[in-house]
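Chemist: Quick one: the structure is below, and I'll ask about it shortly.
The values are calculated or read from the model by the stated rules, or taken from the named source; none is laboratory data. The structure presented is a predicted model; accordingly, all values stated were derived computationally and were not measured. Please note: Cβ atoms are built from the backbone with ideal geometry, for glycine as well, and neighbour counts cover all protein chains shown. The area values use the complete protein model at the heavy-atom level, side chains included, leaving out ligands, DNA and RNA. Shrake-Rupley method; radii C 1.70, N 1.55, O 1.52, S 1.80 Å.
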Amino acid sequence: MRNIKIKKNESNSLKVKTGSVKEFFSTVSSVMHAADKNEAIKTQMKTLSFEDPLEMLHFLSKAKIKLIHRIRQQPDSIKNLAKDTHRKTSAVLRDVYELEKVGIVKTHNTINPGHGRRKIIELTAAKLKLEASI
């Protein structure tokens, strides 16, 4: 087995964009060709891609974008995020679940002194880049 060299992208960013399945497979093909040639593979920015711009806009609703901004200011619990964004806890929980499923946020448990444990929601990347083509 050959050693595959991977050059890491230094930025801690996530790109949310529109793109076709053909573009996705083209990118994968380029990476695989580089691996076959034993060339160094530069890792790309983490990317979440939607085929349809309307689907991307629906997924990244105004409420989710406000939630992302709030999490960026201070990672926090679902309860506190709901309170600060003036939303129901169940709605914030649903949005956090959807954002976590696609890799925009992550949760981890912390000790809450005297009160057990609580889940903290934080962003997976310092920068979120939105890009849409029509």
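Chemist: Given the DSSP H assignment, sum -39500 (n - 2.57) over each helix run of at least 4 residues in the chain and divide by its residue total; what's the result at 222 nm in deg cm²/dmol, nearest 500?
Modeler: -12500 deg cm²/dmol, from helical runs alone.
Chemist: Along each principal axis of its Cα atoms, how long is the chain end to end? Whole angstroms, biggest number first, please.
Modeler: Principal extents (largest minus smallest coordinate, Cα): 56, 39, 20 Å.
Chemist: Next up: Work out, step by step, the length gained on full extension between Gln74 and Glu51: first 0.36 nm times the residue separation, then minus their alpha carbon distance; give nm to one decimal.
Modeler: Taking Gln74 through Glu51 to full extension adds about 5.1 nm, to one decimal.
Chemist: Another question, if that's okay. Work out which trypsin sites (Lys or Arg not before Pro) in the chain are exposed loop sites (DSSP not H, G, I, E or B, at most 13 other Cβ within 10 Å) and give the longest gap free of them.
Modeler: By the stated rule (loop sites, at most 13 other Cβ atoms within 10 Å), 38-87.
Chemist: Still on this model: How would Asp84, Asp95 rank on accessible area, largest to smallest, probe 1.4 Å?
Modeler: Greatest to least solvent exposure: Asp84, Asp95.
Chemist: Another question, if that's okay. Say each of His33 and Ile65 gets a label point 7 Å from the Cα, pointing the same way as Cα to Cβ; how far apart are those two points in nm?
Modeler: The modelled label-to-label distance comes out at 3.7 nm.
Chemist: Sticking with this structure for a sec: By how many nm would the segment from Leu130 to Phe24 grow when fully extended, if each residue of separation counts as 0.36 nm and the alpha-carbon distance is taken off?
Modeler: Working: separation 106, 0.36 × 106 = 38.16 nm, distance 1.69 nm.
Working it through step by step, the gained length comes to 36.5 nm.
Chemist: Would you mind classifying the range 52-125 by shape? Square roots of the alpha carbon gyration tensor eigenvalues, ordered a ≥ b ≥ c; an a/c under 1.5 is rounded, otherwise it is prolate if a/b is larger than b/c and oblate if not.
Modeler: Prolate.
Chemist: Still on this structure: Per residue, how much accessible surface does the range 48-130 expose to a 1.4 Å probe? Answer in Å², no decimals.
Modeler: Here the per-residue accessible area is 65 Å².
Chemist: If you roll a 1.4 Å probe over the chain with all protein chains in place, what percent of the accessible area is carbon or sulfur?
Modeler: Using a 1.4 Å probe with all protein chains present, the chain comes out at 55 percent carbon and sulfur.
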